[in-house]
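The values are calculated or read from the model by the stated rules, or taken from the named source; none is laboratory data. Computed from a prediction, not measured in an experiment: that's the story for all the values here. Cβ sites come from the backbone with ideal geometry, for glycine too, and all protein chains shown count toward neighbours. All accessible areas refer to the heavy atoms of the entire protein, side chains included, with ligands and DNA or RNA removed. Shrake-Rupley method; radii C 1.70, N 1.55, O 1.52, S 1.80 Å.
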Amino acid sequence: MGALEEILQRHPVWRGGALAQDPQALPSGFAALDAELPGGGWPSQALTEVLADETGIGELALLLPAFARLTSAGKRVIWIGPPHVPYAPALAAGGVDLANLLIVQPRSRRDGLWAAEQALRAGSCHALAAWLPKARYAELQRLAVAAQASRAAAFIFRARAARAESSPACLRLALEPAGAALAVHIMKRRGLPLAAPLSLPLERPFHVLGRASLSRPAGDDARPARCVGLPVHA
């Protein structure tokens, strides 16, 4: 056995052509997806981008099993800036312990970025979901660094147009509806990209977010306000 092969056998060296190992990965609840994710689940201490042009296509149902696993174990999950009012009965039916789910509604884009970074840096959650459609690369980089220093799996929701942009996220998924299923394109992962999309069946109807939009002041020049986190059932 050559010296290089011996090193590869003895140490957890990631080879670019193979999926990286992540012993802290959080199972997604979808066997077909876990088989294609490094470590067999959502990456922890890392940033994941979820790209979709519409809400209500199953983007939260995709993450719900992981959130249910964490909250039922007494671990906190934080949502920042969901575009619609979270629907508590659907969350509870999906296994989420509402007492461990915190919702933050920032007044501006800048407040949302600040809240996401602080939640990660404070180590106050085990999973973070933030809707940041206009986040810039440098801002995502700050969140990626904060996630790496935390214990959390961090999910950032953006539009599919962001596919053409560079991203510091270690995992990037593009979603689109596919009948009664959800088509998941794995654009980036620690390993070779997945050539064909996955088709994941979802239970429908499954509206985790209600239809009512949450109003916010326009622009970043809005008067700064304290970000208030409320339990979803409050």
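Brief remarks follow.
- Table column - 3J(HN,Hα) (Hz), the stretch 109-126, Karplus curve with 6.51, -1.76, 1.60, x for Gly and Pro: 4, 4, 5, x, 5, 4, 5, 5, 5, 5, 4, 6, 5, 6, x, 8, 8, 9
- Protection proxy ranking, highest mean first, for peptides 68-75, 33-40: 33-40, 68-75, where packing is the per-residue count of other beta-carbon atoms within 10 Å, averaged.
- Packing, as the average of other Cβ atoms within 10 Å across residues, places the peptides 147-153, 194-200, 88-94 in the order 147-153, 88-94, 194-200, highest first.
- Per residue, the solvent-accessible area of the stretch 37-95 (1.4 Å probe, heavy atoms of protein chains only, all protein chains present) comes to 31 Å².
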